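Trainee: The structure's right below; bear with me while I get my questions together.
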Amino acid sequence: MKQILYSLIGLLLPATSMLAGEHHDWEDNHVLQINREPARAYFIPYAEHKGDRMVTLNGEWQFRWTKTPNERIRDFYRTDFDASTWDKLAVPANWEVNGYGTPIYISAGYPFKIDPPYVMREPKKEWTTYVERNPTGQYRRTFTIPDAWQKGQTFLRFEGVMSAFYVWINGQRVGYSQGSMEPSEFNITNYIKKGENQIAIEVYKYSDGSYLEDQDFWRFGGIHRDVLIYHTPDVRIRDVAVRASMDGVLQINPQFAVYRGETGEDYRLVATLLDANRPVGGDTVAAAEILDLQHKAARMNEWYPQRGHRKFNRMEIKVANAKLWSVEQPYLYTLRLQLQKADGTVVEQVTQKVGFRTIQIKGGQLLINGKAIKIRGVNRHEHDPYTARVMSEQRMLQDLRLMKAANINAVRLAHYPNCPRWYELCDSMGMYVMDEADAETHGLRGTLASTPDWGDAFLDRAIRMAERDKNHPCVIFWSLGNESGYGPNQAAMSAWLHEFDPTRPVHYEGAQGNYTGKGEVIPDPSTVDVISRFYPRVMQEYLNPGIPEGSDKERAENARWERLLEIANKTGDRCTWVGSDGGPRPVLTSEYAHCMGNALGNFKEYWDEINSNPRMLGGFIWDWVDQGIALNEKLEMRNEKLAGIPRGAILYGGDFGDKPNLHAFCMNGVVLSDRTLTPKYYEVQAIYGGMSEQEIADQHPETKAAKPKVSKSKAPTSYIIHLTSNIKPQVFRAPTDNDKSFGNWLAKDWKRCGLDTLRIPMKTEQQGNEFTFTFEIPDSLPPLPRLGIVIELPREYEQLTWYGRGPWDNYPDRKQSCPIGLWKSTVSQQYVHYPRPQDSGNHEDCTFVELKTKKGKKIRIEAVDDVFSFSALPYSAQYLNSKTHDYELQDQGKTYLSINCAVMGLGNSSCGPGVLKKYTIDKNKKHQLKIRITE
C-alpha cells in the first residue's frame, strides 16, 4: 500500500515540486563522488586462477523506471521492501531500447534547460524533457558472498553507469558516483554479511556531470557496462603502472593498500615477465617499503623528492632483444605479479599484458619505435543498433576485424573512454588508440572550460581515464575531450597528464591559436603536442555557388575550414613535450571526410596531400558506424508514434518524438548500423592501403576481361524506336546528405528552381541506332548534380552487365577502389540502402551497359567516342527524394536506367568543405552524350 501511495503522490505533483529547494548531489558540480575508491588500472585480482575471487552481477534485476525523480520510491532500498511486482531488466542495458523512456538524438546542445549545474529547470513544453524531466531507474537484486570471503576486503565495481547513481547494500547507503564512461568502485566490506545480501541502485539519466557529456550521440540512461564484486586480502595490490620501452626495459610501479591493522610487513611483491609462458625476467620489492606508513624521510626523499619529479621504477626488468609492439606486429608479454607472505604463500595475483614500444615526436613526425607513422584512423562511437551503448565481445571483434581489413590502423575513442575490453582487443590485435576524456560541453561552448568552479570536474575525467588505461600499449595519445572551448581547465588536465605520464603526447583539437587582427598569429597552446583540426580543405579549388567567377571570395560553408597543408608548411612551431626533439609538432585532422550517407568525396586528394609533407600525420574519419536504432517490440509497444513501422527498421533522430533533435545527422558511418559494408568502406580500404589501380584491379578477376568490341551502327528495331521515344533529359539526383549539408546549399537551390521536374533543352540527333544528345545549360540554373538521360524500362529488366568501374558504385571523386572491368549484378543490388534515401548506384567510365530479362530480352547501351556513367535502379530520383526513411521504399515496378555524360562529385559538405570544382559540371562547356542502342 505504501508503495502505491508513493506512486500516486508522484503522479499528482508537478515535475519539480517535491524537489524544489532540496540539495541534490547530482546537481552539484562539487560532489563528484561519495566513498568512491581512487581510480586505478583495470585488472581483477585473483588467488589461484582468474575469476576465483569475482562474482558478476550482470543478469536480471528487478527494475522500476520513472520519468522524474519525484516519482521514485524513496525507501526502495529497504531490506523489507517488496519489489516482486517490478519489471525485470537485464544488466547491462540501456533503458530506452528496452522500452523505458525516449531515445533523444542531439548533435550539439543539451536535452534539458541549460542552467549549470542544474538539470531539472523547466524546458520548453515541446521538449521531451518537459515530461521526462530526469528519468530515474531503481534496481534491486540479491547476491551471495562465498564463505571464504569473510576475511579480507570486498569491492563493488561498476564499469559504466549513465550518468549518476547511488548504491545501497543491505539497506545502508554505500556511496555515490557520476561520470557515464568511467568506472566506479566502492569498498563494501562493512556493509555485507555472510550468505545472501541485497543491493539497490538508483540511477539518474541527467546530472551536473551531463554538462560534460554533450557529445554528438544518442542520450541514453542506465547501467550500460558490467557490474561485479571482487575480493582481496587485507594486504592487497591496489594498483600497478607499467612502462615498457623499445630498449627492452620494463619499469613497474605498484601500489598497495592495507586494512584492519595490517602494515604490509613481511609481504613482498614478486614480478615475473613471461614470453609465451616462459619467464624472461623478474624483480621483487617489499610491500612495506612502498607503503611507507611511517613516512620515513629517506624514502620520501628518494621517491617523492622536495624538488623535481617523482621516481617511477620501483621495480625493473630488462629483456634482451625484446620483441616490440606495433599495430603490424602487436607482440605482447605477460606480467605476473604475486603478492607473497614471507614463507612464499601467494595471497593475491594480478596479470597485465605488456607491449614494448616507445612514442616520440621528431622533426614534426610521430615515431613509434623509431619509425615515422601515418594515422590512417577513424572515430568510433560505442553503438549497436539493438543494444545501444552496450557493446558485446562479438560486436567489438567484428569492428576491429573490419577495421584491420580496411587498413585502418588507429581509432579515436570519440568522445569518451570505451569499454575496458576494447583496449585489450586493440592491444592483442594491433590498433593504435587515441584515448579521449569524457569531456564535451558543446552546448555551452567554452564557458565551463574557463570557469574555475568546474576545474575539479574536468580534471576528474582526465584522471579516471588515464589511471584506468595507462598500461595499454595501444594507447598512443591522451586527448582532453572534444569541443569544449579552451581554458584553464583543459590546461590543468594537460599538465596533470604530462606529469602523470610523460611517455605519451597530449591531444585536444580545441586548443588552437588565433589571429590578433594585426597580421600576427598566436600559435596553438603548448599544452598540446600535436596541431589538430576538424574537416580541413585540400589546397585545390572548391565549388562556390553564387560567387562570381574569378572572385577570391568563398562560400562560408567552405571558408570556415582551414587548409591543413598550409599549417604544415608554416615554420616556427615548437613541440615542448619531453618525448620530442623540440622541433615542430605534427599536424593532424582529428575529424575529416564526414561519412554521412553517400559520401567520402575526394578522399584520394586528402591523402595525396598527407603523403606530400612529413609533418602531415594523417587523420581520423568521422566516423566508423551509423548510429541508427533498430525498431524492436519493446520500443514499439511503448511509443505510439512507431505504429506501422516494420520491425528492424533503422530509425534516427526525431523518429521517437524526441525533441529537440538533429534528425539523421547521427548517420555518418563508414559502415551501416549493423556493420553492413558500403562503397565508402572499400574506398577507405583502397586509399588507406596505399594501393595502386593495378593492385586493386588484381584483386578482381573481372578486370581481366577483354574490352568488348563495339557493335556497328544499324537501323533501329521497332522496339528501339519505341524505347527511344521514352528517353527524357535528366539533371536531377535525389540529394545526398552532402548535397543537403549544413546550409542545405545545393539541394535548396535545386528545389528552388524545380530541378526534379525540369527538362533542360536537349537536341537529339539520330543516325540508325546511334544517338547524339546535346545539352544546353541555362545560366540561371545552379550547379547541376548530373547531365544526361533517363529511360524507364519494365521492371523485368533485372539482370545487369556493364564494362566500366565496379563492382560497387562510384563517382568522379570516389572511384579509386573501383577498377574498370566486366561486371555482372542485378538492378535490385544496385541501390545502397542508406537510412535516409538518396542517390546511389552510379558507375563511372563505362563503355557499355546491358539490361536483360529472365527470358533473355535485353537492352544494350554502348558509348560512342567517349565513356559515360550510368545507374540502373528500381527507384526514380524523384521517388527517392520524396522519402525520408529507407523502410518506406517500395519497388516502383520499373527499372530506371540513367545514362550521364557528366556527374557531380560527392564532396564532404554534410560537415566539411564541399565538392572540388574539378568534379563539378562546367556550365560553360558544350556537353554531348553519344550512345548506340541495341537489343
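Trainee: Let me know the shape class of the stretch 221-340, please: from the alpha-carbon gyration tensor, a ≥ b ≥ c as square roots of the eigenvalues, rounded when a/c is under 1.5, otherwise prolate if a/b is greater than b/c, or oblate. Kindly include the intermediate steps, with their values, before the conclusion.
Mentor: On the way: a/c = 1.68, a/b = 1.20, b/c = 1.40.
Judged from the Cα gyration tensor, the stretch 221-340 comes out oblate (a/c at least 1.5, b/c at or above a/b).
Trainee: Ser713 label point, 7 Å along Cα→Cβ, cut-off 15 Å on backbone N: hits in the stretch 747-773?
Mentor: Answer for the stretch 747-773: 764-773.
Trainee: Could you calculate the FRET efficiency of Ala320 with Ser612 from 1/(1 + (r/R0)^6), where r is the beta carbon distance between them and R0 is 41 Å, rounded to 0.05? Write down the numbers at each step before the final one.
Mentor: On the way: r = 40 Å, r/R0 = 0.98.
According to the calculation, E is roughly 0.55.
Trainee: Determine the gain in length on full extension of the stretch Lys852-Met637; use 0.36 nm per residue of separation and subtract their C-alpha separation, reporting nm with one decimal.
Mentor: Numbers: separation 215, 0.36 × 215 = 77.40 nm, distance 4.48 nm.
Using 0.36 nm per residue and subtracting the Cα-Cα distance, I get 72.9 nm.
Trainee: Then there is this: Would you please classify the overall shape of the stretch 64-162 from the alpha carbon gyration tensor, given that a ≥ b ≥ c denote the square roots of the eigenvalues, rounded means a/c under 1.5, and beyond that prolate means a/b larger than b/c while oblate covers the rest? All intermediate terms of the calculation are to be shown ahead of the outcome.
Mentor: Values: a/c = 2.35, a/b = 1.96, b/c = 1.20.
Prolate shape, in that a/c is at least 1.5 and a/b is the bigger ratio.
Trainee: If you plug each phi of the stretch 904-917 into the Karplus form 6.51 cos²θ - 1.76 cosθ + 1.60 with θ = phi - 60°, what whole-Hz ³J(HN,Hα) values come out, in order, with x for Gly and Pro?
Mentor: 6, x, 8, x, 9, 7, 4, 6, x, x, x, 8, 5, 4
Trainee: What whole-number volume per residue, in cubic angstrom, does the convex hull of the C-alpha atoms of the stretch 783-935 give?
Mentor: Per-residue hull volume (Cα only) is 116 Å³.
Trainee: Continuing with this model, one more query. Taking 7 Å along the Cα-to-C-beta vector as the label spot, tell me the Lys311-Ala47 distance in nanometres, rounded to one decimal.
Mentor: In this crude label model, Lys311 to Ala47 measures out at 3.6 nm.
Trainee: At a 1.4 Å probe radius, carbon and sulfur cover how many percent of the accessible area of the chain?
Mentor: C and S atoms contribute 49 percent here.
Trainee: Now for a different question. Along the charge dipole of the chain, which of Asn661, Pro545, Leu480 sits closest to the positive end, that is, farthest toward it, with unit charges on the beta carbon of Lys, Arg, Asp and Glu (+1, +1, -1, -1)?
Mentor: Pro545
Trainee: Roughly how big is the stretch 538-598's charge dipole about its Cα centre, with Cβ charges of +1 (Lys, Arg) and -1 (Asp, Glu), in debye to the nearest 20?
Mentor: Details: 7 positive and 10 negative charges, 39 e Å.
With only Lys, Arg, Asp and Glu charged at Cβ, the dipole is about 180 debye.
Trainee: Across all directions of projection, what mean area in square nanometres is found for the Cα convex hull of the stretch 386-545?
Mentor: Working: hull surface 52.7 nm².
It is 13.2 nm².
Trainee: Here's a follow-up. Measuring from label point to label point, each 7 Å out along Cα→Cβ, what is the Glu60 to Lys193 span in nm?
Mentor: Placing both labels 7 Å along Cα→Cβ, they lie 2.5 nm apart.
Trainee: Taking θ = phi - 60°, what integer Hz values does the Karplus form 6.51 cos²θ - 1.76 cosθ + 1.60 yield along the stretch 222-230, in sequence order, with x for Gly and Pro?
Mentor: Values, residue by residue: x, 8, 9, 10, 4, 10, 8, 10, 9 Hz.
Trainee: Pop a pseudo-label 7 angstrom from the Cα along the beta-carbon direction at both His885 and His295 and give the gap in nm to one decimal.
Mentor: 6.4 nm
Trainee: Now a separate question. Just the accessible area per residue of the chain, please: how many Å² with a 1.4 Å probe?
Mentor: On the way: 35680 Å² over 935 residues.
Value returned for the chain: 38 Å² of accessible area per residue.
Trainee: Would you grab the residues whose amide H sits under 5 Å from the one on Gly618? Only those 5+ places off in sequence or on another chain, please, with H modelled 1.01 Å from N.
Mentor: Here the answer is Ile375, Thr589, since their amide H atoms fall under 5 Å of that of Gly618.
Trainee: Taking the dipole about the Cα centre of the stretch 230-381, with the C-beta of Lys and Arg at +1 and of Asp and Glu at -1, give me whichever of Ile361, Pro233, Thr263 is farthest to the positive side.
Mentor: Ile361
Trainee: Okay, next question. Please figure out what share of the DSSP beta bridges in the chain is antiparallel and state it in percent, rounded to the nearest 5.
Mentor: Numbers: 157 of 187 bridges.
Roughly 85 percent of the DSSP beta bridges within the chain come out antiparallel.
Trainee: What list of ³J(HN,Hα) values in whole Hz, one per residue of the stretch 833-846 in order, does the Karplus curve 6.51 cos²θ - 1.76 cosθ + 1.60 (θ = phi - 60°) give from phi, with Gly and Pro shown as x?
Mentor: 7, 5, x, 10, x, 6, 4, 6, x, 6, 10, 8, 6, 9
Trainee: Set Lys and Arg Cβ to +1 and Asp and Glu Cβ to -1, take the dipole of the chain about its Cα centre, and tell me which of Leu672, Ile696, Phe870 lies farthest positive.
Mentor: Going by the charge dipole, the pick is Phe870.
Trainee: Please state the shape class of the chain: rounded when a/c is under 1.5, otherwise prolate if a/b exceeds b/c and oblate if not, all from the C-alpha gyration tensor.
Mentor: Numbers: a/c = 2.09, a/b = 1.63, b/c = 1.28.
Prolate, since a/c reaches 1.5 and a/b exceeds b/c.
Trainee: Can you tell me, using C-alpha contacts under 8 Å and at least 6 residues apart, the relative contact order of the chain as a whole percent? Before the final figure, lay out the partial values.
Mentor: Details: 2274 pairs, mean separation 95.7, N = 935.
In percent, rounded to a whole number, it is 10.
Trainee: Treat every Asp and Glu Cβ in the stretch 109-218 as -1 and every Lys and Arg Cβ as +1, leave all other atoms uncharged, and give the resulting dipole magnitude about the Cα centre to the nearest 20 debye.
Mentor: Numbers: 13 positive and 14 negative charges, 106 e Å.
Dipole size: approximately 500 debye.
Trainee: Order the peptides 58-66, 650-658, 705-713, 810-818 from the highest to the lowest mean number of other Cβ atoms within 10 Å of their residues. Please list the in-between numbers first.
Mentor: Values: 58-66: 19.0, 650-658: 22.3, 705-713: 11.1, 810-818: 25.2.
So the order, starting with the most tightly packed, is 810-818, 650-658, 58-66, 705-713.
Trainee: Using a 4.7 Å cut-off between beta carbons, which cysteines in the chain end up with no partner cysteine at all?
Mentor: Cysteines of the chain left without a disulfide-compatible partner: Cys419, Cys575, Cys595, Cys666, Cys753, Cys818, Cys846, Cys901, Cys911.
The values are calculated or read from the model by the stated rules, or taken from the named source; none is laboratory data. Nothing here was measured: the structure is a model prediction, and the numbers come from that model. We place every Cβ from the backbone using ideal geometry, glycine too, and count neighbours over all the protein chains shown. In case anyone asks, the SASA skips ligands and DNA or RNA and just uses the protein heavy atoms, side chains included. Shrake-Rupley method; radii C 1.70, N 1.55, O 1.52, S 1.80 Å.
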